[in-house]
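The values are calculated or read from the model by the stated rules, or taken from the named source; none is laboratory data. Bear in mind that the values here come from a model prediction, so they are computed numbers and not experimental data. Virtual Cβ from ideal backbone geometry, glycine too; neighbours counted across all protein chains shown.
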Amino acid sequence: ARDADWWRGAVIYQIYPRSYQDQNGDGVGDLVGITSRLDYVADLGVDAIWLSPVFTSPMKDFGYDVSNYRDIDPSFGTLEDFDRLVQKAHSLGLKVIIDQVISHSSDKHAWFSESRQSRTNAKSDWYVWADPKPDGTPPNNWLSIFGGSAWSWDSRRMQYYQHNFLVSQPDLNFHNPEVQDAVLAEMRFWLERGVDGFRLDTVNFYFCSLGFEDNPVVRPEDFNASTAPAVNPYNFQEHIYDKSRSENLAFLTRLRALMDEYPGTTTVGEIGDSQHQLELMAQYTSGDDHLHMAYTFDYLGGEFSADHFKKSIAATESEAPDGWICLAFSNHDVVRHVSRWAVHGQEAAFTRLAVTLILAMRGSVCLYQGEELGLKEAELSFADLVDPYGIEFWPEFKGRDGCRTPMVWQAHVRNGAFSTAERTWLPVPAEHLTHAVDTQHGVEGSVLEFYRSLLAFRKTHPALAKGKITLLESTGNILAFTREDGAERLFCVFNMGDSAAEFAIPSGLEPHHADCPGVIAAPIDGELDLEPFGAYIGILS
Ligand code: TEU
């Protein structure tokens, strides 16, 4: 029987296709390569994979600029390769979530080629076009996240088009119902092919204000975007007109109706670059007529401290008690969490604590390829960079290449056995080779085996996946909560600091040993002594 709710509390493993496994030797990962590694993925004990985009693309933003939503980019393979990947995944019990980048397309998409021909053609209104100001300058002060104005001049239409990211990523006009119909039809194409869901890129960017009002300019100290670098002028605007419009809810209802035609499928929306990310998450995941899940940059950008996590958990539970958050500490857009939350000399303990924590919090979980090996951010030189975002803001912001380097499978094989090519699209860091899969597989005490045993532990404790979360009072570096569903109640305590700490167990609670991997602490006289970055998970009767 199909469990239509499989996504609640599911663990999703994100694969960045350019960097997982190259099978044809061109230095770029591909679908056949990924398929050959799915046994490894299934063996980890995750429920699903999320594939970053594999569609036809000029690769200006490495796949997040799609020029044909219905085909596979030749560098990744063919539609047949895709079908075989899905088949293999399903045979291993893995769901397949693909990335849909519909807020914008590539400027090489046929829709945009047509739209830019004239102001009167059938698709003239498919993108966000606007007249210049009388002096010829852009319609307003909106900025692109990747640098410069959000407007580019088109000399044929004698108008500007809007783009939130690269000049080559023109923004689709969702106010036009034909555009909504068109993107939903593209999604149906993949549902018919058997995918289990979509990760929706920049789901809060679909609608901008067609009044084209200037965004308010704010002082640097008043704006606190979680991930955009401080050197980026985008940080010094309050983005109230260029995205996150309320019209989006009605569109998400249409999208959900499509998903509901394919029972057992799911959606996870990415809510980025917003000061109101929690409110948006609450709205977008409310009821059963919007998204199934969403993630924000709260844990991808915020600090690693008990205070921050307490606040975020409390806010999520009060703002979006029914919403299903998708938790992630790392992905293809941010510095790998072991490096981002720099923990001098205690990486081993930190890595274990972080995954124990994320697998204990309420939500579904995205793990990012390589974190199960304990990989740190790759240190690259400017000459190595390919990410336009990093190239633009170097050296204050080093971009996203450092988290996108190839997966390392074998320590003593060229390119870590990722590829036989002379040169790979991003270098394989020598430091990563010492963490390669073959150095950890089956090795007791390795990070990889720790992830595996913890994922197995989670499977046998349904309260961790689907239970309600209740914060317990704590001070200092301690974060404590219970997880509870009908059948069981768990008691979870985390020392998020790099020195030992103690926690007095609230009276009335008597936790018992739960056999959670990595837990060495045991309550003595109502007190828990936790090592630096130590965790405790026990069963309450
Ligand atoms: O990211 C959207 C987004 O919010 C980014 O600005 C994010 O904050 C930034 O990359 C963090 O460093 C999505 C994709 O995940 C990203 O890879 C794409 O480049 C972007 O959309 C444009 O499609």
| query | How many of the residues making up region 54-70 are without any contact (Cβ under 8 Å) to a residue 60 or more places away in the chain, surrounded by fewer than 21 Cβ atoms within 10 Å (Cβ to Cβ) and within 11 Å of the ligand (Cβ to nearest atom)? | reply | 0
| said: Residue under question is THR137, and the condition is that it be under 30 Å from GLU238 (Cα atoms), surrounded by fewer than 18 Cβ atoms within 10 Å (Cβ to Cβ), free of Cβ contacts under 8 Å to residues at least 24 places away in the same chain and of a type in the set (Ser, Thr, Tyr); does it hold? | reply: yes
| query | Do you know which residues across region 467-502 are of a type in the set (A, V, I, L, M), surrounded by fewer than 22 Cβ atoms within 10 Å (Cβ to Cβ) and assigned to a loop (DSSP other than H, G, I, E, B)? | reply | ALA487, ALA500
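For (1) within 19 Å of ASP201 (Cα to Cα); (2) in contact with a strand residue (DSSP E or B) (Cβ under 6 Å, 6 or more places away or on another chain); (3) among the acidic types (Asp, Glu), each residue gets a yes or a no:
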{"site": "ARG70", "(1), (2), (3)": "yes, no, no"}
{"site": "PHE82", "(1), (2), (3)": "no, yes, no"}
{"site": "GLY93", "(1), (2), (3)": "no, no, no"}
{"site": "GLU114", "(1), (2), (3)": "no, no, yes"}
| query | Taking region 271-314 on its own, how many of its residues are within 14 Å of the ligand (Cβ to nearest atom) and over 21 Å from ALA228 (Cβ atoms)? | reply | 0
| query | Does GLU372 satisfy the condition of being surrounded by fewer than 21 Cβ atoms within 10 Å (Cβ to Cβ), outside any strand (DSSP E or B) and not hydrophobic (A, V, I, L, M, F, W, C)? | reply | no
| Options ALA463, ALA436: the member that is modelled with pLDDT of 95 or more, touching a strand residue (DSSP E or B) at 6+ places or on another chain (Cβ under 7 Å) and surrounded by 21 or more Cβ atoms within 10 Å (Cβ to Cβ) | ALA463
| Given the structure, is LEU291 on the phi < 0 side of the Ramachandran plot, touching a strand residue (DSSP E or B) at 6+ places or on another chain (Cβ under 9 Å) and in a loop (DSSP other than H, G, I, E, B)? | yes
| Quick check: anything in region 124-139 within 28 Å of TYR20 (Cβ to Cβ), part of a loop (DSSP other than H, G, I, E, B) and touching a Ser or Thr at 6+ places or on another chain (Cβ under 6 Å)? | no
| Do we have any residue at all in region 180-202 that's modelled with pLDDT of 95 or more, within 19 Å of LEU143 (Cβ to Cβ), part of a loop (DSSP other than H, G, I, E, B) and of a type in the set (A, V, I, L, M)? | no
| Any idea which residue in region 401-449 is nearest to the chain's Cα centre (by Cα), counting only those that are of a type in the set (D, E, K, R), outside any helix (DSSP H, G or I) and more than 19 Å from GLU372 (Cα to Cα)? | ARG423
| field | Only one of VAL96, VAL179 that is more than 14 Å from the ligand (Cβ to nearest atom), β-branched (Val, Ile, Thr) and more than 25 Å from ARG245 (Cα to Cα) | value | VAL96
| Here are some conditions: (1) more than 16 Å from the ligand (Cβ to nearest atom); (2) under 15 Å from LEU479 (Cβ atoms); (3) crowded, with 21+ Cβ neighbours inside 10 Å. PHE329 meets all but one. Which one does it not meet? | (1)
| note | Taking region 71-85 and keeping only residues that are buried (at least 21 other Cβ atoms within 10 Å of the Cβ) and touching a residue at least 60 places away in the same chain (Cβ under 8 Å), one is left with PHE82
| said: Being of a type in the set (Phe, Trp, Tyr), within 13 Å of the ligand (Cβ to nearest atom) and in contact (Cβ under 8 Å) with a residue 40 or more places away in the chain: is that true of PHE174 here? | reply: no
| message | Please go through region 230-251 and give me each residue that is in contact (Cβ under 8 Å) with a residue 40 or more places away in the chain and assigned to a helix (DSSP H, G or I), ordered by number. | response | PRO233, TYR234, ASN248, LEU249, PHE251
| message | So for region 334-341 (the condition being in contact with a Gly (Cβ under 9 Å, 6 or more places away or on another chain), among the charged types (D, E, K, R), within 16 Å of the ligand (Cβ to nearest atom) and under 26 Å from ASP438 (Cβ atoms)), does at least one residue qualify? | response | yes
| request: With respect to TYR234, determine if the residue is more than 30 Å from ARG84 (Cβ to Cβ), within 23 Å of the chain's Cα centre (by Cα) and within 13 Å of the ligand (Cβ to nearest atom). | output: yes
| Taking region 152-168 as the search range and keeping residues that are of a type in the set (S, T, N, Q) and not in a strand (DSSP E or B), which one is farthest from the ligand (Cβ to nearest atom)? | SER155
| said: Conditions first: (1) at pLDDT 95 or above; (2) over 30 Å from SER499 (Cβ atoms). TRP324 passes all but one, so which condition is the exception? | reply: (1)
| in the same structural domain as PHE82 (by TED's automatic domain parsing) and more than 14 Å from the ligand (Cβ to nearest atom): does that describe VAL195? | yes
